[in-house]
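Below is one structure, written out as structure tokens; comments come after it.
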Amino acid sequence: MSALLLIAGDTVRSVRRHRTLLAVLLLFLGTAGALTAVARDEARGIQHRALQRHVREDTPRTVLARRLAAKQAELRQTVEQARKVRSTSRGDRRKARDFRERMLADMTRTPGPILYGGKDPRVLSPDEVRAIPRELQEMERSVAEHSRRARDISFQTARREATEVQTLEAELVALGPEDAQEDHAEHITPEDPDAEAARLMAQRGTIYAGFFNFAMSFGGAILALGLFCTGIASEVGSGTIRATLSKPVSRTQFLLGKCLGAALVLLAYSGLTATVATTFGTMQHAPLSPALAYEPWLGFCSNLMLGGVGLLFSLFVRPAVAGVLAWFTSASCFRWFTPLYAILPSYDSFQASSLLFGQRLSASDLLLSSLYAADVIVILVAVALYRFERMELV
Amino acid sequence: MPAVETRRLSKRYGSSAEALRDLDLEVHEGEAFGLLGPNGAGKTTTIHCLLDFIRPTRGCAAIFGRPVTDPAVRARIGYLPESVALHDYYRGGALLEFYAGLLGLPSASRQRRVAEVLELLDLQEVAGERVSHYSKGMRQRLGFAQALLHDPDLLILDEPTSSLDPLARRQFSDILRDCKRRGKTILISSHILSELERLCDRVAILKDGALVRSGTLQELSVNRAVKLHVAQLPASAIEALVAAGAEVTIGSGSTAVHCTDERVRPRAEEVLARYGVAVERVEAERSSLEDVFLASVNGGDAA
């Protein structure tokens, strides 16, 4: 077991040997990243312009300003209303006093029975007549009281609204200068109701998903083929395997150690790619595909299967030829050409693009895909072992 | 129990002629055994079969009584390939530690042992450098160091000194002699016959995949060449002796008749008897390993 782990560690260490491959991979990733950045900046520019409207309408400052303006308008209305109430109440009181005075004057000038002019006109009794001045006074007092209350309510409302206006003005000042609002324009959430902004955000998410898809499908596949196709073949070709296998290490341990080491490198690559994509995506507030949660694992499984095919081929033909052949077997467009595909793995359910842009996978789908990959890898490694045990290592 | 034993070991690569034909070898524990032969004789193929790098077409091989296909047996073997290929992304010391790990050396003694072999082969100063920066000679020494790491009971060395300068060659020879002195078994293939002559107890000469001769150096060379000392020779006798294949050396006091081949001696003795010349003294002349080797590979017989 320790020999197997040592060889796995040696394989991880040997990644340095693939300097050219790593350089090409980094070049591809760098290009993808640069293209993504360009696309991102373009999207940001378009979005920025599109979001200018939101800056005016939807920033805290504009919202506050809108509220302040509304409140000021309300205040103005209230004050106007209060003035009117005041004016009206004054008029009512004056009218009530005039009416009382006129009535009393009429009563003094014209003695005799008084007719009440309601629905049922009749002659008032002397007691009722004596009560009229008091009732008129009561009525006048009542009118004055209502006027005062109406005026008080209007002015209280006006005062309250004036206080609110002052508070809003203070909040507006506390928000700082206009420039600070620009940032907010960039941090607008994807849930923004603006359709154009939402569409641009979705585009941004697609760009990141595309970057991840590229890095995982293309870069991961190249890395897998580089590791697995040359893992054993190059050791046999260069003769380094002879020093290793002159130690008490079985061929099975050697092959499994090589596979384990290569698998660890691939797993690290998947994790790294997913981390990079998620981090950049999050930094740019792109709506990340939920598939990012499980795609790294399935991408790893897919690349492992591809590597297994490459490993098997490399035990029969040169590593470069093995790599090209393995690559062809992974391309669905070549599936019709040869019956060999009947026994080679299918990568259909592992395609990063369909995972990222297609429908979501359920937990059972994920489990089935993982089991399928494990099954394929075990078969490939078993066949590779059978072949490797019979190989001439010279 | 022999350290190395092969029985009718044969190997054919594809449809070409057999690289090894019915090889029977037996290397005893504690002896130094040399494998000789011209290029393509099957020396490296034999070694590769012993290390299970290639599988024989027929026959079998065993090391310390166990089949060579058993990986555990390699814990007792130290192997130095002909052209040392090492992982050049390691530093020298780290590479030896990696091999020490594969050999199962306890981690406590691993570093100590690595330091010892580095010192033994004068590699301490370059132990921290990457193997890719090593010269050919340094790689060869590092290869030898990995073979000696676990102080193995059997050393299998394939052309160990072919790429070394004379100083390093002497160093290798000293180490090998020390191993032999400590009872280690050495199986060595080399073209440098003088080296084998000094080190080996027994040698086997291979030609075209088959064993031509084997035995101790004495068995291979003794009693084959003789020098017959006579008092005087008539001129006609000298002509007859030369015609019979002998060489005649006339000195101041005596004359010597060299019989370089065992088939020459009876013919020379017949000539001397015909001319009535008495043989005063017979001196056995031991031929060198080189003579034996050349005679074996050229004519299939020794001088």
At 222 nm, what value in deg cm²/dmol follows for chain B if DSSP H runs of at least 4 each add -39500 (n - 2.57) and the sum is divided by all its residues, to the nearest 500?
-10500 deg cm²/dmol
Can you pull the mean other chain C-beta count within 10 Å for peptide B:84-91?
5
Candidate aspartates and glutamates - alpha carbon under 13 Å from B:Lys180, same-chain residues fewer than 8 apart omitted:
B:Glu29, B:Glu31, B:Asp151, B:Asp153, B:Asp201
Chain lengthening between A:Val123 and A:Leu272 when straightened (0.36 nm per residue, less Cα-Cα):
43.1 nm
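Taking every residue in A:231-239, how many Cβ atoms of other protein chains lie within 10 Å of its Cβ, on average?
Going residue by residue through A:231-239 and averaging, the value is 2.
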Can you list the HN-Hα couplings for the stretch A:222-232, worked out from phi with the Karplus curve (6.51, -1.76, 1.60; θ = phi - 60°), rounded to whole Hz and with x for Gly and Pro?
5, 4, 4, 5, x, 6, 7, 5, 9, x, 9
Between A:Gln166 and A:Ala320, the two model label points (7 Å from Cα along the beta-carbon direction) sit apart by a distance in nm of 8.5
For chain B, longest principal axis from Cα atoms; helix B:136-148 axis from its Cα atoms; angle between them, nearest 10 degrees, is 80
Using a 7 Å offset from the Cα along the Cα-to-Cβ direction at both A:Asp92 and B:Asn298, what is the distance between the two label points in nm, to one decimal?
14.6
Would you kindly derive the ³J(HN,Hα) couplings of the stretch B:11-19 from the backbone phi angles with the Karplus curve 6.51 cos²θ - 1.76 cosθ + 1.60 (θ = phi - 60°), listing them in order in whole Hz, with x for Gly and Pro?
8, 10, 8, x, 9, 6, 5, 5, 6
The answer for B:Leu23, listing residues at least 5 apart or on another chain whose modeled amide H is closer than 5 Å to its amide H, is B:Arg8, B:Leu9, B:Ser10
Chain B: angle of helix B:166-181 to the longest principal axis, Cα-based, in degrees nearest 10:
90
Given A:Lys258/B:Lys11; B:Lys11/B:Lys207; A:Lys247/B:Lys184, the pairs whose alpha carbons are separated by over 22 Å
A:Lys258/B:Lys11
Most exposed first by the Cβ proxy, i.e. fewest other Cβ within 10 Å, how do B:His258, A:His146 rank?
A:His146, B:His258
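Take the Cβ-Cβ distance between A:Gln137 and A:Arg159 as r, set R0 to 35 Å, and report the resulting FRET efficiency rounded to the nearest 0.05.
Approximately 0.60, to the nearest 0.05.
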I need the phi-derived Karplus couplings for the stretch B:109-116: 6.51 cos²θ - 1.76 cosθ + 1.60, θ = phi - 60°, integer Hz, Gly and Pro marked x.
9, 4, 5, 5, 5, 4, 4, 5
Mind listing which trypsin sites (Lys or Arg not before Pro) in the stretch B:167-255 are in a DSSP loop and have 12 or fewer other Cβ atoms within 10 Å?
B:Arg182
Here D for chain B, in µm²/s, from Stokes-Einstein with a Kirkwood Rh over Cα pairs at 20 °C and 1.002 mPa s, works out to 99
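A short reminder: the numbers here are calculations on the coordinates, not readings from a lab. Keep in mind it's a predicted model, so treat the numbers as computed, not measured. Please note: Cβ atoms are built from the backbone with ideal geometry, for glycine as well, and neighbour counts cover all protein chains shown.
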